[in-house]
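The values are calculated or read from the model by the stated rules, or taken from the named source; none is laboratory data. These numbers come from a predicted model, not from an experiment. As a convention, Cβ positions derive from the backbone with ideal geometry for all residues, glycine included, and neighbour counts pool all protein chains shown.
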Amino acid sequence: MANEKPATDKTAADRPAIDPRGPRFGAGITGILLLVVIGLFLGGLTLAAFIVFLFITLVFAWGAFAGVQKHPYGLLFKALVRPRLKPPTELEDPTPPTFAQGVGFAITLIGIVLFLVGLTLALPIAAAAAFVAAFLNSAFGYCLGCQIYLLLVRAGILGRSGSTPAAA
């Protein structure tokens, strides 16, 4: 039950729980765009693939630094999709999905940097790696970045603010 305590700390109060369907919706959009990148690249439209990939990277950065509550796809979900759905059966802490956006940002940024230094195949490889994660999240609700976050928390590398006093 100690895992439930951080939900009442100041950090969790600053970031209200989110509907888990929002990140899945965003992952679906991201997955489609990543397939577009791969298709454009394979079709010889390298510059177009790079531009779409750069857009995806900027959206990942937005989610990582502003938080998933302010992510463009999350706002789109909240405004257009969620009102048409039943209320969620449960909500989730936004910290793991926000961390996952940071992982996506890192992967896509590495792909861009390597592409710009002349390793052109880095672009579709990074797009494919990000696509796997986006597909798993959108199709099965399995967030690789969230799982990495939880592993790092369990290992003591990352910690949730305020979780120590709540456990005491």
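Does the range 87-105 hold any residues that are surrounded by fewer than 17 Cβ atoms within 10 Å (Cβ to Cβ) and among the aliphatic types (A, V, I, L, M), and which are they?
Residues of the range 87-105 surrounded by fewer than 17 Cβ atoms within 10 Å (Cβ to Cβ): 87-91.
Listed by number, the list holds a single entry, LEU91.
Residue under question is THR108, and the condition is that it be surrounded by 21 or more Cβ atoms within 10 Å (Cβ to Cβ), more than 19 Å from ARG21 (Cα to Cα) and of a type in the set (Ser, Thr, Tyr); does it hold? Answer is yes for this residue. Given the conditions (1) in a helix (DSSP H, G or I); (2) surrounded by fewer than 18 Cβ atoms within 10 Å (Cβ to Cβ); (3) of a type outside the set (Phe, Trp, Tyr); (4) modelled with pLDDT under 90, and given that GLY39 satisfies all but one, which numbered condition is not satisfied? The number of the failed condition is (4). Within the range 78-92, residues that are charged (D, E, K, R) have Cβ atoms under 8 Å from residues that are modelled with pLDDT of 85 or more in these pairs: GLU92/ALA17, counting only partners at least 6 apart in sequence or on another chain.
Do the conditions hold for VAL59, that is, is it among the β-branched types (Val, Ile, Thr) and at pLDDT below 95?
Values: among the β-branched types (Val, Ile, Thr): yes; at pLDDT below 95: yes.
Answer is yes for this residue.
The set of residues from the range 71-92 being at pLDDT below 85 and either closer than 23 Å to PHE135 by Cβ or under 18 Å from the mean Cα position of the chain (by Cα) (or both) comprises HIS71, GLY74, LEU75, PHE77, LYS78, LEU80, VAL81, ARG82, LEU85, PRO88.
When the range 95-154 is filtered for residues that are outside any helix (DSSP H, G or I), free of Cβ contacts under 8 Å to residues at least 24 places away in the same chain and small (Gly, Ala, Ser), only GLY118 remains.
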